[in-house]
Each structure stands twice: as structure tokens, then as C-alpha cells.
1. Take the alpha carbon atoms of region 222-274, find their center, do the same for region 91-158, and report the distance between the two centers in whole angstrom.
2. Averaged over every viewing direction, what's the projected area of the C-alpha convex hull for region 169-308? Give it in nm², one decimal, please.
3. For the chain, what relative contact order do you get, as a whole percent, if you take Cα pairs closer than 8 Å and at least 6 residues apart?
4. Here are labelled values, [x] 24.2; [y] 19.7; [z] 37.7, and one is the computed mean projected area of the Cα convex hull in nm² for what I pasted. Which one?
5. Sum -39500 (n - 2.57) across every DSSP H segment of at least 4 residues in the chain, then divide by the residue count to get the 222 nm mean residue ellipticity, nearest 500.
6. How much length would be gained if the chain were fully extended between D356 and R290, taking 0.36 nm per residue of separation minus their Cα-Cα distance, in nm to one decimal?
7. Below 8 Å between Cα atoms, with a sequence gap of 6+, how large is the relative contact order for region 153-256 in percent?
8. Taking the Cα centre of the chain as origin, work out the dipole magnitude from +1 charges on Lys and Arg Cβ and -1 charges on Asp and Glu Cβ, in debye rounded to 20.
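Each value in this text was obtained by applying a stated rule to the coordinates, not by laboratory testing. Computed from a prediction, not measured in an experiment: that's the story for all the values here. FYI the Cβ positions are ideal-geometry reconstructions off the backbone, even for glycines, and counts take in every protein chain you see.
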Amino acid sequence: MLKRFAMLLFVLTLGMNMVQAQEGEPSPAAAVEEFYTWYLDFIGTGEDFRNPLAERAYHDSLLLTGEFIAQVDELLASLEEGGYDPFLQAQDVPTWFHVGRAEMAGDEQSAVVAVYTSFPEHVLSVRVVRMDDRWLIAGVSRGELATPEDVVNSFYARHMGYIAPRDEGRFVNPMVVRTYQADPLLTGEFIAGVDALLERWQAEYGGYVADPFLCAQAVPSSLTVEEARYRVDRQAADVVVRTSFPGHAVTVDLVQRDEQWLINNIRCGETRTPEGAVKSFYAWYLDYHRWNGEGEHPNALVDQAYHDSDLLTAEFVARVDAMLAGMGDGGYDPFLCAQDLPDAVRVVDEPQISGDSARLTVETSFEGHAFDVVLTRIGESWQISDVVCQPAGEK
């Protein structure tokens with residue numbers, strides 16, 4: 001039987017990643033987000049293309065300082081034909097962008113905000129200043145990919161730009177075109193691993209099960225890149241990327257080579273904590289079973305989709321296989337301790353951690369239904385090693 005998604009179908013509902021403060025509070029990142037959203041919308045695409053530099057449209061922006069507007073005017077007057085866009089620090093228009101970190105200055109009256117575009121290794125350093133309780137852009141320059149977070153942000157900006165560019169009439173499937181093969185931010189080993197995975201999916205299922213970089217069958221509307229966690233020697237790190245899908249995350253592993261951070265692996269889910277591993281697994285598991293009413297009803301047990309999960313130990317997978325083989329008709333789901341599929345699975349308490357073992361209780365949307373999940377720490381990650389259908393303390 002084919003898995004639920006034999007072909008990778010992207011839902012093109014892509015929005016920009018917004019870094020916002022609470023309502024009513026000024027935010028450097030929000031000001032930068034607002035400006036670039038307006039700027040790219042003004043430019044448009046195809047027959048609707050407009051040139052904000054030729055039209056001096058930026059003169060009307062309330063998000064730029066007067067001094068910066070004057071500097072742009074002076075720069076444009078000095079450029080020969082075929083110059084560059086000072087707001088984009090490029091000659092072409094990116095297909096996608098998102099705002100990353102904002103580094104505050106010591107006086108809290110200025111900051112530098114990183115903006116990542118779909119161009120390879122392209123990041124903008126946008127300087128903002130606070131004037132009359134508003135954040136205004138005072139300068140834009142090219143930045144560098146100096147940290148693991150920079151590399152992850154830059155990679156996903158380019159990846160998302162391929163999938164769902166501003167010109168909605170154009171669509172590129174990175175899995176078909178294999179655009180990742182030439183990406184300078186990926187190691188050769190990782191590229192080879194993705195190639196092998198896609199070839200296996202093609203041979204076994206006749207298509208691509210999911211996007212291995214997003215660990216999803218659909219495209220999220222936004223991504224949030226969290227702070228990197230470094231290994232002891234600081235030559236390796238991992239970064240958690242959370243998406244707009246509830247409970248959905250991936251963990252990106254990076255290594256440093258020739259003073260450059262490169263992506264060496266992407267693991268589905270967040271495995272830094274027991275809670276993260278459990279939430280990641282059940283978010284995927286419930287989503288796998290959701291049916292759109294067409295074709296066969298998906299079943300992760302029948303399809304053995306759990307075999308490919310990075311969130312389960314190999315020993316637990318083998319035990320589940322044996323349990324399912326021994327069940328007759330009318331058995332139960334060993335991951336859910338139920339015969340039916342709940343609408344939600346929630347972690348309800350703090351994990352009990354002892355050394356490299358952890359245990360926590362989860363509840364489902366079924367009234368009064370709960371069970372325990374046991375996890376084992378392997379290296380830097382937590383993996384589910386058992387599901388106990390009778391929570392501790394119950395008889």
C-alpha cells in the first residue's frame with residue numbers, strides 16, 4: 001500500500017515569518033517586516049512590475065529616516081545604468097524573505113535586524129533607530145552568515161522561495177528539480193543522503209512521501225528559528241525550527257568546516273527535551289491519519305510509517321511490530337492505547353527524569369483517557385522507548 005502522500009503536494013499558502021512584539025509595543029523587527037512587505041508588494045511581479053527606485057516611492061515611507069532617504073537619493077544619482085537596489089543590496093528581486101534576529105544596542109535606542117532572502121547566502125543587516133517611540137530604518141548593508149542560526153535562516157529562505165515564490169504563477173518542486181544539490185549550505189554527505197532517500201521513496205512508493213527539509217507534506221506559512229545549542233567543542237551545533245503547524249518542528253544539525261557552518265542533517269521533530277519529542281511525534285502521528293476523503297484512508301500502523309520516525313528507538317519499533325503481528329482483528333493502537341483516533345494528544349505534566357530515562361503522562365481528547373510515554377536519551381536527543389497504557393499510580 002502506498003503511504004498517505006505518495007506524491008508531494010504543496011499547499012501554497014505561504015506568508016512571511018513575522019517577528020512581532022506584543023500588541024502596542026514597538027518592535028525593530030516588526031518595523032523591518034512591515035517595510036519589506038510593502039516594498040516587495042509595490043514591486044509586484046510579471047506585468048504588474050513597478051520600480052520603486054525610479055518612481056522614488058520610498059520617499060513616502062514612514063518607516064525610513066529622512067537621512068537614509070537622502071542617502072539613497074544620493075546613491076542612486078551616482079550609480080551608472082545597471083546599478084543595484086540599496087534596500088535589497090542586489091540587482092534582482094528575491095522571491096521570498098523573512099526577518100530573523102534583532103540585536104539591540106546597549107542604549108536600547110538602536111538595533112540591527114537580520115533579513116534573509118531567497119538568494120544564496122544572502123542576508124541583509126538593517127539598522128534601525130528609535131525616534132518618537134517609533135522604529136525607523138536608518139541603513140541597509142550586506143551581512144554575513146556567521147552563526148548556525150544565520151545558516152539555517154538563509155537555507156530555509158531559499159528553500160521556501162523555490163516552493164512558493166511571490167509570482168504565484170510559477171511553482172518549483174525542489175524534490176523533482178533537486179535544487180538542493182547545488183546548495184552551498186549543505187554538506188556533501190547530507191545531499192547524498194537526501195538523494196538516496198528520494199530514490200528509495202520513488203522505488204517503494206512511486207513518489208515523494210514528504211519534503212525531507214520540512215518533514216511535512218504541506219508548506220507552512222511561517223518558520224521560527226530558535227537559538228543554537230553547541231556541542232562541547234563548538235564544532236557542531238543543532239537548531240530547532242518551529243513551523244506554523246501546531247506542534248510541528250524540525251531539528252537541524254550543523255558542523256563547522258573551514259570556519260563555515262554547514263547543515264549536515266535534518267531530524268523530524270524537536271528532541272532536545274522529552275516534552276518536545278512527545279509533542280513532535282504525536283503531532284506527526286495524528287496528522288498522518290487525517291483523511292481528505294479521497295483514496296485509501298491512511299493508517300500509519302498498516303503502512304508501517306512509524307518505521308521512518310527519528311522519534312522512536314529501534315527497539316520500540318521492533319516491539320510494536322511484534323505486538324501488531326500478534327494482534328487479531330479488533331486490536332488497539334499501541335501508540336494511542338485506543339481503538340479510535342483522538343483529535344488531540346496533550347502533555348499534562350512535567351517529565352520525571354532519572355539519568356537518561358524520562359516518563360511523562362499525556363491525555364487525549366477522549367474523556368478520562370490518559371497514558372504514559374517513556375523516553376530514553378541517546379546522545380543529545382530524546383527518543384520514545386515505550387508507551388504504557390496504564391499511567392503510573394493507576395490500578
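1. 20
2. Mean projected area for region 169-308: 10.4 nm², to one decimal.
3. Values: 676 pairs, mean separation 50.5, N = 395.
Reported as a whole number, the value is 13 percent.
4. [x]
5. Values: 7 runs with 96 residues, N = 395.
Taken over the chain, the calculation gives -8000 deg cm²/dmol.
6. 20.4 nm
7. Reported as a whole number, the value is 14 percent.
8. 600
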